[in-house]
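Undergrad: After the structure tokens below, expect a handful of questions from me.
The values are calculated or read from the model by the stated rules, or taken from the named source; none is laboratory data. Predicted model only: the values in this text are computed from it and were never measured. Heads up, the Cβs are rebuilt from the backbone with ideal geometry, glycines too, and the neighbour counts pull from every protein chain shown.
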Amino acid sequence: MKIRSLLIGLATASTLLAACTSDSTNDVAVETNKPVTLRLLTHESFTPTETIFDDFTLQTGITVEVVRSSDAGTLVTKAVLASGNPEGDVLWGVDNTLLSRALDANVFVPYVTVHRNDLDTVATALAPNGEVTPVDSGDVCINYDKAWFAERNITPPLTLQALTSSTYRNLLVTPNPVSSSPGLAFLLATIAEFGDGWQQWWETMRDNNILVVESWSDAYYGHFTAASDGERPLVVSYATSPPAEVIFADPRPTEAPTAVAALTCFRQYEFAGILRGSKHLAQAQLLIDFLVSRQFQEDLPLTQFVWPINNTASVPKEFLDYALRPDNPLTIDPTIIAKRRAEWLEQFSDIMLR
Amino acid sequence: MSEPVWHPAPARVALVVVLLWLGVFLVAPVLTMVGGFVAPSDFSRILTVPSTWRLVWFSLWQSVISVAVTLVVAAPVTWLIGLHRFRGRRLLRATTTVGFLLPSVVVATAFLAVLPRSLHYTMFAVVIAHVYFNIAVVVRVVGARLELLDMQLMNAARTLGASPTVVWRTIVWPLIRGATAAAAAVIFLYCFSSFAVVRVLGGPRRSTLESDIALRAFGIGDIPAATVLALVQLVIVVGVIGVVRRLSGHEHGLSHLATLPPTAVAHRQRLFAFGVAGVTAAFVLLPIAALLWRSVQVGDTLSLAAWRTIFDTSLAASIRASIRTALFAGVLGVALAVLTTLAIVRLNTIGRLVDLLSIVVLAVSPVTLGLGLMLTFDIGWFDWRAKWWFVALAHTLVAFPLAVRVLVPAWRTTPIGLHQAAAVLGAGELRRFVDIDLRRMRPAIVASLGLIIAVSLGEFGAASLMSRADGETMPVMIARLLSRTGDLMRAQAFVLASLLVAVCIAALVLVESALGRSDRVARR
């Protein structure tokens, strides 16, 4: 009981303190003596340490309610449809492949975080006016089941081109680019790799019986031999999936059961932004600052298996040991993605889905 | 027909209200989508690519196959229920109806649980789920016709030497032809705009127009293309409705006069009848049993853990949201359906047009409707996107045509003499409406309320677009839980699905018993 009242006292005190110190937000923050709950909209892969927001609440008096919808694509679509009258205050999880859609629909209120100078400059350049703030990065790559290939004495495919060989017939499963953001990243990887020849690659892969499924979890936990009772030893996933296989395993193996084909990787940046129409702008800005703070960023690698975007955040050794950080990942300029995404998805659907 | 004893005024008022309602919540959204988002070039862009026509073709042929298989699968049980008197007949009929009322997401999920992995994402899975839904339509619509068959006539024909084939061709088939066409049309419509079943069971490589509309609107964010496809779908569906109306010529409804079927099951057919009843009941109940079974399986262990979480905020919130939405849609939908019915039965020519209109409303798919509403009511005072009842508005429109199908036949059973007598005795228009029509209609109104509630509870297409994070309806929540990883969440999805089944069965019991009362009222 005593501890609780102490905490409440501390919280109120720090709210007042926060209200006084941050002058840009003074006018709004003063009204917030009664506790504010911010709603953070995100996707199902947002899984930080459960108590991570406790410190934030303690410092600011703001409670954070996390609301997860199924995947990044749906998240962004719903945000676009709700533009101006949002379901929450802050959105975490729009990535560089979907960013243009959200920006076109004027979903976010710009805010430049106080930690801006600590963030990866490649990422901040993608939203130069602070429409959104980068929060993490990762690479989408082909993952393979090491044991499966070893047992059969087959070399795993190291490039996208290699996948078209009949050796790898029936072996690859990918999430649908239309409904899944790693799926879209993989489609963009093939476009970055083959240029105008990307459609032909997919046609060959279709004949090579690539399996397209609805979501990443369906691909990884439904069909990948190393993670399910599925039948496909190649899966489109993240470069950080192998450390996840090690860290989540009990007992921990000395070596990851899966590996990544480094030449197939596409770099993904995730962003968070304040939703236009939020009634708690000042508090939402504090939350954005917290999301890119060292404390939150250092929690990311081992809970969500992504790289921090804040350069001052340190990355745990076990993560560094098993995660791959490709030196030259495939990329496409976001403005080109913005212009051609719909057209590419349309063409992809024509080849693979209809 | 004797001269009318009622003023046309109330019916006209009803007509105006209905037209206004449809104008604001149906026509305006569709026009907003077309006017606000579509350029002429979008039509040429969409209509000239072969993939669009592949979509149309797939939607068509999978529906035709689904209709054919449904008719074949439903034939034995329809024969049994339509022509025979036996103990448990009503129960069997109610059982076959369960499938029709279950939410498509739940049925698809149930089949995912029942079918072996090798059959996931196949045409077989899609068709079998469609059959599951639509058996009820055949049993209800064709079975009701069969009940009217005069056995004496058949017996006489047989005595005079007609072979069973001849009896079938000259007596039975002419009687049920119209009903069969009507049933086939209804099934066709449902399958043609199938969404959840195709998405869950067909896998990403199979797409109907409806699921592609959702895909483009959601995944690609290409609203113009989605709108053009929605229009294509609308045109095709209206065309099909037109053809069927011309062919069948008379209306069909979910309600009917239940004369008891004349014969008991013949001795030598006992075994066959038992088999038919058993297999049909098993087919309907097996997926439901699978849902229950999955709801107590967490990972590899049996556990009630998922059931214990139903009072957790998110699950309880979705249950609350569903109930709230269904009740709101039910009340509004019944009001709309009663007004529509009033206009249909009281205004001759216009009435027939309204009747047609109420069916055409079915042609606007829930996904289109949801999208249109979202894009229309998003400004100032009319920004309703955050209102909990917004989804219910869409459900009202999705469900009220079905309610009208129940109400119109029931209303028409009122003998005109009752009105004349009451009028002679000095009862005014309103008094007669309340004391005669509404009183006689009460069971039918209750039945249509149950129907709308059941439809609203299970609706997925519009709800998946319109539900908010804090007020997701149960089907949306189920789909979301299923797409997430983690054994407990899957089990929770099956718990919610089981609960939804239970609620829908309760609604069904309500409909059944109300229709039973309605039949008794009609016979008075």
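Undergrad: Specify which of the listed residues (B:347, B:339, B:254) is surrounded by 15 or more Cβ atoms within 10 Å (Cβ to Cβ), assigned by TED's automatic domain parsing to the domain that holds residue B:415 and modelled with pLDDT under 90. Before you say what the answer is, go through the steps one by one.
TA: Values: B:339 fails: modelled with pLDDT under 90; B:254 fails: assigned by TED's automatic domain parsing to the domain that holds residue B:415.
B:347 is the lone residue from the list that is surrounded by 15 or more Cβ atoms within 10 Å (Cβ to Cβ), assigned by TED's automatic domain parsing to the domain that holds residue B:415 and modelled with pLDDT under 90.
Undergrad: Moving on to the next point. Go through the range B:136-236 and tell me which helices (runs of 4 or more DSSP H), entirely inside it, have 2 or more residues that are of a type in the set (A, V, I, L, M, F, W, C) and under 24 Å from residue B:80 (Cβ atoms). Steps first, please.
TA: Numbers: elements: B:151-159, B:164-167, B:173-192, B:196-202, B:209-215.
Of the helices (runs of 4 or more DSSP H) lying wholly inside the range B:136-236, those with at least 2 residues that are of a type in the set (A, V, I, L, M, F, W, C) and under 24 Å from residue B:80 (Cβ atoms) span B:151-159, B:164-167, B:173-192.
Undergrad: Residues in the range B:206-213: is at least one over 27 Å from residue B:405 (Cβ atoms), polar (S, T, N, Q) and within 14 Å of chain A (Cβ to nearest Cβ)? Steps first, please.
TA: We begin by selecting, within the range B:206-213, every residue over 27 Å from residue B:405 (Cβ atoms); these are B:206-207, B:212.
Adding the requirement that they be polar (S, T, N, Q) leaves B:207.
Cutting the leftovers down to within 14 Å of chain A (Cβ to nearest Cβ) gives us B:207.
Yes, the range B:206-213 contains a residue that is over 27 Å from residue B:405 (Cβ atoms), polar (S, T, N, Q) and within 14 Å of chain A (Cβ to nearest Cβ).
Undergrad: While we're on this one: I want to confirm something. Restricting to the range A:331-340 and keeping residues that are out of contact with any Ser or Thr (no Cβ under 7 Å at 6 or more places or on another chain) and not β-branched (Val, Ile, Thr), which single residue is nearest to residue A:175 (Cα to Cα)? Quick ask: steps written out before the conclusion?
TA: Of the residues in the range A:331-340, the ones out of contact with any Ser or Thr (no Cβ under 7 Å at 6 or more places or on another chain) are A:331-333, A:335-336, A:339-340.
Restricting the remaining residues to those that are not β-branched (Val, Ile, Thr) gives A:333, A:339-340.
Details: A:333: 22, A:339: 23, A:340: 20 Å.
So the residue we want is A:340.
Undergrad: Taking the condition of being more than 18 Å from the chain's Cα centre (by Cα) and in a helix (DSSP H, G or I), how many residues in the range A:299-337 meet it?
TA: Qualifying residue count for the region: 7.
Undergrad: Quick one: count up the residues across the range A:340-354 that are more than 9 Å from every other protein chain (Cβ to nearest Cβ), under 15 Å from residue A:98 (Cα atoms) and touching a residue at least 60 places away in the same chain (Cβ under 8 Å).
TA: Residues flagged as more than 9 Å from every other protein chain (Cβ to nearest Cβ), under 15 Å from residue A:98 (Cα atoms) and touching a residue at least 60 places away in the same chain (Cβ under 8 Å) within the range A:340-354 amount to 1.
Undergrad: Shifting gears a bit: Which of the residues that make up the range A:49-103 are facing another protein chain (nearest Cβ under 9 Å) and assigned to a helix (DSSP H, G or I)?
TA: Scanning the range A:49-103 gives A:73, A:74, A:76, A:77, A:78, A:80, A:81, A:101.
Undergrad: Here's another thing I want to ask about it. Can you name every one of the helices (runs of 4 or more DSSP H) wholly within the range B:429-473 that holds 3 or more residues which are more than 14 Å from every other protein chain (Cβ to nearest Cβ) and within 17 Å of the chain's Cα centre (by Cα)?
TA: Details: elements: B:429-432, B:439-458, B:461-466.
The helices (runs of 4 or more DSSP H) meeting that bar are B:439-458.
Undergrad: Another question, if that's okay. Looking at this structure, is residue B:60 surrounded by fewer than 19 Cβ atoms within 10 Å (Cβ to Cβ), in a helix (DSSP H, G or I) and under 20 Å from the mean Cα position of the chain (by Cα)? Explain how you work it out, then say what you get.
TA: On the way: surrounded by fewer than 19 Cβ atoms within 10 Å (Cβ to Cβ): yes; in a helix (DSSP H, G or I): yes; under 20 Å from the mean Cα position of the chain (by Cα): yes.
Spelling it out, residue B:60 is indeed surrounded by fewer than 19 Cβ atoms within 10 Å (Cβ to Cβ), in a helix (DSSP H, G or I) and under 20 Å from the mean Cα position of the chain (by Cα).
Undergrad: Let me ask something else about it. Exactly one condition in (1) assigned to a helix (DSSP H, G or I); (2) in contact with a Gly (Cβ under 8 Å, 6 or more places away or on another chain) is not met by residue A:277; state its number.
TA: With respect to (1) assigned to a helix (DSSP H, G or I); (2) in contact with a Gly (Cβ under 8 Å, 6 or more places away or on another chain), residue A:277 is out only on (1).
Undergrad: Can you find a residue that is assigned to a strand (DSSP E or B) and either within 11 Å of chain B (Cβ to nearest Cβ) or not basic (Lys, Arg) (or both) anywhere in the range A:212-219?
TA: The initial filter retains those residues of the range A:212-219 that are assigned to a strand (DSSP E or B), namely A:212-213.
Imposing the further condition that a residue be either within 11 Å of chain B (Cβ to nearest Cβ) or not basic (Lys, Arg) (or both) reduces the set to A:212-213.
Yes; the residues of the range A:212-219 include at least one that is assigned to a strand (DSSP E or B) and either within 11 Å of chain B (Cβ to nearest Cβ) or not basic (Lys, Arg) (or both).
Undergrad: Please find, within the range B:10-54, the residue that is surrounded by the fewest Cβ atoms within 10 Å (Cβ to Cβ) out of those that are without any contact (Cβ under 8 Å) to a residue 60 or more places away in the chain, among the aliphatic types (A, V, I, L, M) and farther than 17 Å from residue B:226 by Cβ. Working first, answer last.
TA: Step one: list which residues in the range B:10-54 are without any contact (Cβ under 8 Å) to a residue 60 or more places away in the chain, which gives B:13, B:16, B:19-20, B:23-24, B:27, B:31, B:35, B:40-41, B:44, B:48-51, B:53-54.
Now drop any that are not among the aliphatic types (A, V, I, L, M), which leaves B:13, B:16, B:19-20, B:24, B:27, B:31, B:49.
Next, only the ones that are farther than 17 Å from residue B:226 by Cβ stay: B:13, B:16, B:19-20, B:24, B:27.
Details: B:13: 13, B:16: 12, B:19: 15, B:20: 10, B:24: 13, B:27: 13.
Filtering first and then ranking leaves B:20.
Okay, residues lined up against (1) over 20 Å from the mean Cα position of the chain (by Cα); (2) within 30 Å of residue A:218 (Cβ to Cβ):
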residue	(1), (2)
B:136	no, no
B:142	no, no
B:154	yes, no
B:192	no, yes
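Undergrad: Only one residue in A:111, A:144 is in the same structural domain as residue A:160 (by TED's automatic domain parsing), touching a residue at least 40 places away in the same chain (Cβ under 8 Å) and crowded, with 17+ Cβ neighbours inside 10 Å. Which one? Let's see the steps before the verdict.
TA: Details: A:111 fails: in the same structural domain as residue A:160 (by TED's automatic domain parsing).
Among A:111, A:144, only A:144 is in the same structural domain as residue A:160 (by TED's automatic domain parsing), touching a residue at least 40 places away in the same chain (Cβ under 8 Å) and crowded, with 17+ Cβ neighbours inside 10 Å.
Undergrad: Which one is farthest from residue B:145 (Cα to Cα) among residues in the range B:188-205 that are touching a Leu at 6+ places or on another chain (Cβ under 8 Å) and away from every other protein chain (no Cβ under 13 Å)?
TA: Going through the range B:188-205, the residues touching a Leu at 6+ places or on another chain (Cβ under 8 Å) turn out to be B:189, B:192-193, B:200-201, B:204-205.
Within this subset, residues satisfying the condition of being away from every other protein chain (no Cβ under 13 Å) are B:189, B:192-193.
Numbers: B:189: 21, B:192: 25, B:193: 27 Å.
The extreme case among them is B:193.
Undergrad: Continuing with the same structure: Can you pull out the residues in the range A:300-339 that are crowded, with 16+ Cβ neighbours inside 10 Å, within 14 Å of chain B (Cβ to nearest Cβ) and not aliphatic (A, V, I, L, M)?
TA: Within the range A:300-339, A:304, A:305 qualify.
Undergrad: Filter the range A:155-185 down to residues that are over 16 Å from residue A:225 (Cα atoms) and of a type in the set (Val, Ile, Thr) and give me whichever is surrounded by the fewest Cβ atoms within 10 Å (Cβ to Cβ).
TA: This residue is A:155.
Undergrad: Would you confirm whether or not the range B:403-415 contains a residue that is closer than 30 Å to residue B:226 by Cα, among the hydrophobic types (A, V, I, L, M, F, W, C) and either buried (at least 23 other Cβ atoms within 10 Å of the Cβ) or at pLDDT 85 or above (or both)?
TA: Scanning the range B:403-415, I find at least one residue that is closer than 30 Å to residue B:226 by Cα, among the hydrophobic types (A, V, I, L, M, F, W, C) and either buried (at least 23 other Cβ atoms within 10 Å of the Cβ) or at pLDDT 85 or above (or both), so the answer is yes.
Undergrad: Considering only residues that are closer than 20 Å to residue B:327 by Cα and either more than 26 Å from the chain's Cα centre (by Cα) or surrounded by fewer than 16 Cβ atoms within 10 Å (Cβ to Cβ) (or both), look in the range B:371-393 and name the one that is nearest to the other protein chains (Cβ to nearest Cβ).
TA: Step by step, filter the range B:371-393, then rank; the result is B:386.
Undergrad: Moving on to the next point. Take the residues in the range B:185-230 that are among the polar types (S, T, N, Q) and farther than 16 Å from residue B:124 by Cα, then tell me which one is surrounded by the fewest Cβ atoms within 10 Å (Cβ to Cβ). I'd like the intermediate steps shown before the answer.
TA: The first filter runs over the range B:185-230 and keeps only residues among the polar types (S, T, N, Q), leaving B:193-194, B:207-208, B:211, B:227.
Among the residues that remain, those that are also farther than 16 Å from residue B:124 by Cα are: B:193, B:211, B:227.
Values: B:193: 27, B:211: 23, B:227: 28.
That would be B:211.
Undergrad: Given the criterion at positive phi, under 13 Å from the mean Cα position of the chain (by Cα) and touching a residue at least 40 places away in the same chain (Cβ under 8 Å), identify the matching residue among A:93, A:73. Steps first, answer last, please.
TA: Details: A:73 fails: at positive phi.
Only one candidate qualifies: A:93.
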